[in-house]
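Below is one structure, written out as structure tokens; the observations come after it.
The values are calculated or read from the model by the stated rules, or taken from the named source; none is laboratory data. Keep in mind that this is a model prediction, so the values were computed, not measured. No Cβ is skipped: glycine too gets one built from the backbone with ideal geometry, and neighbour counts run over all protein chains shown.
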Amino acid sequence: MAACNRIAALSLAAIRMAAAGTCTEPAVVARWLYRFGTAPCTPAIERDFGPDDDPLAILSLTKGAHIRRLLEAGYDAHSLSGWYSFARTALPQQLSTACKLYVSPKPEALSDAFPIIAEQFVRTEVRSFKVGRGIEGLLRPDKIVAYFDNDAHMLEVAAALDQSLQDCPVQGVPFTAEIAGNGLVSSGIDPPAGASAVSWRSWITKRLAASLVISAADSGADHVAIALTGLRNSGIDPDRWVPVTQDFWKLNPS
């Protein structure tokens with residue numbers, strides 16, 4: 001495992017830039033933080049991904065393509081708002097999610113990386129995953145998310161992907177827990193079913209935004225330090241972006 005923490009640096013950069021802004025609407029700041037690290041839609045991306053904003057060819061998911069056939073053999077596929085979702089056939093309807101894995105190659109690397117990622121998910125029997133839909137969905141840093149019942153399985157898959165994609169250009173997902181040191185694979189823990197919080201990253205960015213907006217009234221304050229202290233007091237280690245207690249969601253239900 002590498003010693004550096006690319007995602008920690010990326011997350012801190014996002015907070016510093018938000019703190020330097022002038023927006024006083026917490027919801028707007030939270031959305032900006034959540035989307036931080038999204039890749040720009042350049043002419044090269046538009047050319048390579050195609051004109052119809054549904055770049056299935058980049059993912060090898062067009063009809064008859066090898067990866068599509070491989071996934072169809074073991075997964076039920078669904079088109080959701082912003083996502084293509086895949087769940088193993090005959091999976092129980094209600095399952096709790098212990099953790100999730102983010103895989104974040106740069107958009108221009110997807111044509112090479114996604115087939116490897118999908119094959120690894122199939123080989124290791126990942127229970128479900130989703131991939132961003134359309135150009136906008138594939139430009140976001142959290143474009144590929146896989147769900148697991150336990151940390152051991154997640155870390156096994158993460159290690160295999162890190163080994164298989166060593167030369168893959170990395171985007172990185174802010175406010176997630178670094179696994180391999182280069183930002184390609186990271187993790188998060190979503191709230192339990194029924195909680196008012198939507199997801200790990202949305203909970204964090206909302207808390208950060210609220211803190212940054214409140215502290216902005218004091219021009220002499222260290223707004224970044226205040227925001228990070230608030231997270232620590234809520235039970236998050238902002239150096240590693242992990243909860244420091246197993247009861248985190250019980251202590252922070254919203």
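For the reader, a short list of remarks on this structure follows.
- Residue tally, condition closer than 22 Å to residue 58 by Cβ and charged (D, E, K, R), over region 163-190: 1
- Single match in 227, 160, 195 (criterion: part of a helix (DSSP H, G or I) and either among the acidic types (Asp, Glu) or not assigned by TED's automatic domain parsing to the domain that holds residue 113 (or both)): 227
- Meets criteria (crowded, with 19+ Cβ neighbours inside 10 Å and not assigned by TED's automatic domain parsing to the domain that holds residue 11) for residue 213: no
- Filter result for residue 133 (modelled with pLDDT under 95, outside the structural domain of residue 254 (by TED's automatic domain parsing), out of contact with any Lys or Arg (no Cβ under 8 Å at 6 or more places or on another chain) and surrounded by fewer than 23 Cβ atoms within 10 Å (Cβ to Cβ)): yes
- All of (1) surrounded by 17 or more Cβ atoms within 10 Å (Cβ to Cβ); (2) at pLDDT below 90; (3) hydrophobic (A, V, I, L, M, F, W, C) hold for residue 91 with one exception: (1).
- Residue within region 47-56 that is assigned to a loop (DSSP other than H, G, I, E, B), modelled with pLDDT of 90 or more and assigned by TED's automatic domain parsing to the domain that holds residue 140 present: no
- The set of residues in region 198-224 being over 22 Å from the mean Cα position of the chain (by Cα), outside any helix (DSSP H, G or I) and hydroxyl-bearing (Ser, Thr, Tyr) consists of 219 alone.
- Residues that are of a type in the set (Gly, Ala, Ser) and either free of Cβ contacts under 8 Å to residues at least 40 places away in the same chain or assigned to a helix (DSSP H, G or I) (or both) were ranked within region 108-137; the one that is farthest from residue 76 (Cα to Cα) is 109.
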